Amino acid sequence: MTQTTAGETRFQTTIDADDKVEPRDWMPEGYRHTLIRQIAQHAHSEVIGMQPESNWITRAPSLKRKAILIAKIQDEAGHGLYLYSAAETLGVSREDLVDQLHTGRQKYSSIFNYPTLTWADMGTIGWLVDGAAIVNQIMLQQTSYGPYSRAMVRNCKEESFHQRQGYEIMLTLSRGSAEQRALAQDALDRWWWPSLMMFGPPDSESTHTEQSMEWKIKRMTNDDLRQKFVDMTIPQAEYLGLTVPDPDLVWNVEREHYDFGDIDWDEFWTVIKGHGPMNRERIQHKVGAWEDGEWVREAAIAHSEKAAARAADTIDARGAA
Ligand code: FAQ
């Protein structure tokens, strides 16, 4: 038996047993590449995802709301960091991944290419966008790659706080004045369909789902996750007294799921090809922040080199004594 074949057998046994593949283990190149693509895209989404919400930090309606929003946005940065670290265990550098984002060779979630026009958008992002992210990430806690799966456990705990803070904003608005209720409804109208698009194209058009399910990177398909999200969210919208902007939405007694209307997939593909309402601004802002932060990275490297040189001097001095 060649070494590669032994590695392949071990890999398949791990997958079949629902055990975790770890960085030191042999893995097929396609598995490694798929993970790098997905984890990097996920990390980029967390980082770019800070922009729509940071737009409202200075305009949050109270000190409490401002503090909560800042804490949430900081969490998203942290999620990006866990995910870049998980990707680095696969043999890529964070710098390379960031460069691929900045030059349009890697993607980030379509949802972050929409503008945040009112305060109600902060509620809707927490409720729907974090809600959709949780549905996806609960599934990813069971993914077959150990570092990705473990990063998801902490992500999900924090996303659950994010979802609740968003829903609480929506509850306050929908129980408020007529003007506040109108803001909440308008935000739901604008974010509903893009939130459903977050789960990716229909299974029939998904390039990676079949192989990713075989490798247990994905544990549910795009359409099944989307259905789960709709079923979970409609009662929440009803409790708020808001109307989901879908005339075809109806509970299907036989399927025991909601049927919902057609998603505008042309809009989805337009957005992920870089032509959504905010694509250009998001990347420009990200690249600008990276360039502005260069002196911080240089200072951190200079500091670590000096600290290492000091440590080496101390060891030499002890050796000489
Ligand atoms: N946007 O074959 P599939 C968050 C691309 S985190 C852009 O089905 P796959 C937290 C896909 O890359 C949100 N592109 O792909 C937060 C592929 O293109 P490629 C991010 C998309 O990977 C909240 C092509 O379409 N979460 O929100 C999208 O098997 C609030 C064909 O698609 C994750 O990334 C899309 N929506 O399934 C932060 C979760 N969908 O690469 C701040 C991890 C698909 O061949 C504020 N990712 N594409 O050129 C996943 O679970 C999967 O990657 C899917 C897509 C399910 C997103």
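Between E29 and K64, what's the calculated FRET efficiency when r is the beta-carbon distance and R0 is 51 Å? Round to 0.05.
Rounded to the nearest 0.05, the efficiency is 0.55.
DSSP loop (so not H, G, I, E, B), at most 14 other Cβ within 10 Å: list which GluC sites (Glu not before Pro) in segment 184-258 pass both filters.
Details: sites: E205, E210, E214, E238, E254, E256; in loops: E254, E256.
Filter output for segment 184-258: E254, E256.
Of the cross-linked pairs K20/K286; K72/K228; K20/K107; K157/K306, which ones have a Cα-Cα span greater than 28 Å in the structure shown?
Distance filter (> 28 Å) returns K20/K286; K157/K306.
What percentage of the solvent-accessible surface of the chain, computed with a 1.4 Å probe over protein heavy atoms, is contributed by carbon and sulfur atoms?
Heavy-atom surface of the chain belonging to carbon and sulfur, 1.4 Å probe: 54 percent.
Kindly give Rg over Rh for segment 272-321, based on alpha-carbon atoms, with the Kirkwood expression for the hydrodynamic radius.
1.47
Find the all-direction average of the projected area of the Cα convex hull for segment 228-313, expressing the result in square nanometres with one decimal place. Display every interim value, and only then the final one.
Working: hull surface 46.7 nm².
Computed as one quarter of the Cα hull surface, the answer is 11.7 nm².
Which value, in Å² rounded to 10, gives the accessible area of S206 with a 1.4 Å probe and all protein chains present?
Surface accessible to solvent at S206 totals approximately 20 Å².
Would you mind estimating how fast segment 131-192 diffuses translationally, via Stokes-Einstein at 20 °C and 1.002 mPa s with the Kirkwood radius over Cα pairs, in µm²/s? The partial results should precede the final answer.
Values: Rh = 13.2 Å.
Approximately 162 µm²/s, per Stokes-Einstein.
Using a Förster radius of 22 Å, what is the FRET efficiency between D264 and S204 based on their Cβ-Cβ separation? Nearest 0.05, please.
Working: r = 16 Å, r/R0 = 0.73.
Plugging the Cβ-Cβ distance into 1/(1 + (r/R0)^6) gives 0.85.
Write down the accessible area per residue of segment 75-130 in Å², having rolled a 1.4 Å probe over the full set of protein chains.
Accessible area per residue, segment 75-130: 32 Å².
To the nearest 20 Debye, how big is the dipole of segment 39-172 about its Cα centre, given +1 on the beta carbon of each Lys and Arg and -1 on that of each Asp and Glu?
I would put it at about 300 debye.
Please work out whether segment 124-247 counts as rounded, prolate or oblate from its C-alpha gyration tensor, where a ≥ b ≥ c are the square roots of the eigenvalues and a/c under 1.5 means rounded, while otherwise a/b larger than b/c means prolate and anything else oblate?
Oblate is the answer for segment 124-247, as a/c is 1.5 or above yet b/c matches or exceeds a/b.
Would you mind telling me which residue in I217, I111, I301 has the biggest mean-square fluctuation in a Gaussian network model of the chain, where springs connect alpha carbons within a distance under 10 angstrom?
I301
In Å², and per residue, what accessible area does segment 181-238 have when probed at 1.4 Å with the other protein chains present? Each step should come with its number before you reach the end.
Details: 2430 Å² over 58 residues.
With all protein chains present, segment 181-238 gives 42 Å² per residue.
Tell me, what is a quarter of the convex hull surface for the C-alpha atoms of the chain, in nm² with one decimal?
22.5
Using the alpha-carbon centroid of each, what span in Å lies between segment 65-90 and segment 246-296?
20
Show that you can apply the helix-only estimate: for the chain, add -39,500 (n - 2.57) for every DSSP H stretch of four or more residues, divide by all residues, and state [θ] at 222 nm to the nearest 500.
About -21500 deg cm²/dmol.
What do you get for trypsin sites (Lys or Arg not before Pro) in segment 30-129 restricted to DSSP loop and a cutoff of at most 11 other Cβ within 10 Å of the site's Cβ?
Of the trypsin sites (Lys or Arg not before Pro), the ones in loops of segment 30-129 whose Cβ has at most 11 other Cβ atoms within 10 Å are R105.
What is the helix-to-structure angle for 279-292, meaning the angle in degrees between its Cα long axis and the longest Cα principal axis of the chain, kept from 0 to 90 and rounded to the nearest 10?
Tilt relative to the chain: about 30 degrees.
What does the charge count around S206 come to, taking other residues whose C-beta lies under 15 Å from its C-beta (Lys +1, Arg +1, Asp -1, Glu -1)? Before the final figure, lay out each step's value.
Numbers: positive: R37, K107, K218, R219, R226; negative: D203, E205, E210, E214, D223, D224.
Neighbour charge sum, excluding S206 itself: -1.
Springs between alpha-carbon pairs under 10 angstrom, Gaussian network model over the chain: which of L140, L249, L240 fluctuates most?
In the Gaussian network model the winner is L249.
Between D16 and D316, what is 0.36 nm times their sequence separation minus the Cα-Cα distance? Round to one decimal in nm.
102.8 nm
Identify which of T58, T209, T221 has the largest mean-square fluctuation in a Gaussian network model of the chain, with springs joining Cα atoms closer than 10 Å.
Of T58, T209, T221, the Gaussian network model singles out T58 as fluctuating most.
The values are calculated or read from the model by the stated rules, or taken from the named source; none is laboratory data. Treat the numbers as computed from the prediction; the structure is a model and nothing was measured. Note: ideal-geometry Cβ built from the backbone for every residue, glycine included; neighbour counts use all protein chains shown. Ligands, DNA and RNA are excluded from the accessible area calculation, which covers all protein heavy atoms including side chains. Shrake-Rupley method; radii C 1.70, N 1.55, O 1.52, S 1.80 Å.
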